[in-house]
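See below for the structure under consideration.
The values are calculated or read from the model by the stated rules, or taken from the named source; none is laboratory data. These numbers come from a predicted model, not from an experiment. Backbone-built Cβ (ideal geometry, glycine too); neighbour counts: all protein chains shown.
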Amino acid sequence: MSVKAQWAFAGVLCLCTLVALWATAMSVRERKLAARRGERIQDAAPVRLEVTESRPQKLPLTPGRKVAVEHFSLVYRDDTLSVTGSQDRAFVDFIHLKKGEQRGWQELRLTILEVDPSGLVVEAEIRPGAPSTGDGWYTALREGLQVEFDGKRLVTIRAWDPAKPELKLLILQGDHAEEQTLGENAKARVFGVGLELRKRGSADWGLLLDSK
């Protein structure tokens, strides 16, 4: 291929990319305006991420609008990013959302690109085997659940008895380890991570993990 042909081909690709970005921006703008007018926004069609290639995908989220990513659903509302599963089973409500930070529920990893009251933009990626990460209310409590903070601190649920209720945790920071047991409405702070067990709504118990 000649040099002129290469430049022409590159120009066409660049033009296509600009058109796609413009179309995405206009779509996001229309959704934000609709949300401000109080119009109902239909749920988006499921977004399918390539697990084998693990390619990140940029997702705009308008308040109250559900977006499906693989077998998860994302909803941004009241400065909180919720991750749910089938039949709207609640997994986690992420809080303290800031640009550049990461949140994750199991293999679903989210990087926050933009955040403001009118919407949230995240980069979603599937990372098999990754731990959950980030500040939030974790409601899918089970033995063995692990939540990581800044790659240095790790909170693990060692035992969970909702009948008492009683939650036993192991918190690690480097070579240091500390065990903590929480009852109803109990609070603690270990290695800079705030811990709280509280009933949320009529049925679900929630574990608040707050590193701020």
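Values for this structure:
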quantity: Qualifying position, being outside the structural domain of residue 70 (by TED's automatic domain parsing) and either of a type in the set (Asp, Glu) or without any contact (Cβ under 8 Å) to a residue 60 or more places away in the chain (or both), among 183, 206; calculated: 183
quantity: Residue list for segment 102-128, restricted to those being under 22 Å from residue 71 (Cβ atoms), acidic (Asp, Glu) and surrounded by fewer than 17 Cβ atoms within 10 Å (Cβ to Cβ); calculated: 123
quantity: Inter-residue pairs, beta-carbon under 8 Å, first part of a strand (DSSP E or B) and in segment 191-202, second hydroxyl-bearing (Ser, Thr, Tyr), 6+ apart; calculated: 193/211; 194/211; 200/139
quantity: All positions within segment 164-173 that are within 25 Å of the chain's Cα centre (by Cα) and not aliphatic (A, V, I, L, M); calculated: 168, 173
quantity: Any hit, segment 139-157, residues being outside any loop (DSSP other than H, G, I, E, B) and touching a Lys or Arg at 6+ places or on another chain (Cβ under 8 Å); calculated: yes
quantity: Residue count for segment 78-125, restricted to those that are under 21 Å from residue 140 (Cα atoms) and in a loop (DSSP other than H, G, I, E, B); calculated: 9
quantity: Residue 84 surrounded by 18 or more Cβ atoms within 10 Å (Cβ to Cβ), touching a helix residue (DSSP H, G or I) at 6+ places or on another chain (Cβ under 9 Å) and at pLDDT 90 or above; calculated: no
quantity: Residue that is surrounded by the most Cβ atoms within 10 Å (Cβ to Cβ) [pool: residues in segment 167-190 that are acidic (Asp, Glu) and either in a strand (DSSP E or B) or touching a helix residue (DSSP H, G or I) at 6+ places or on another chain (Cβ under 8 Å) (or both)]; calculated: 178
quantity: Checking residue 164 against (1) in contact (Cβ under 8 Å) with a residue 60 or more places away in the chain; (2) in a loop (DSSP other than H, G, I, E, B), the condition it does not meet; calculated: (1)
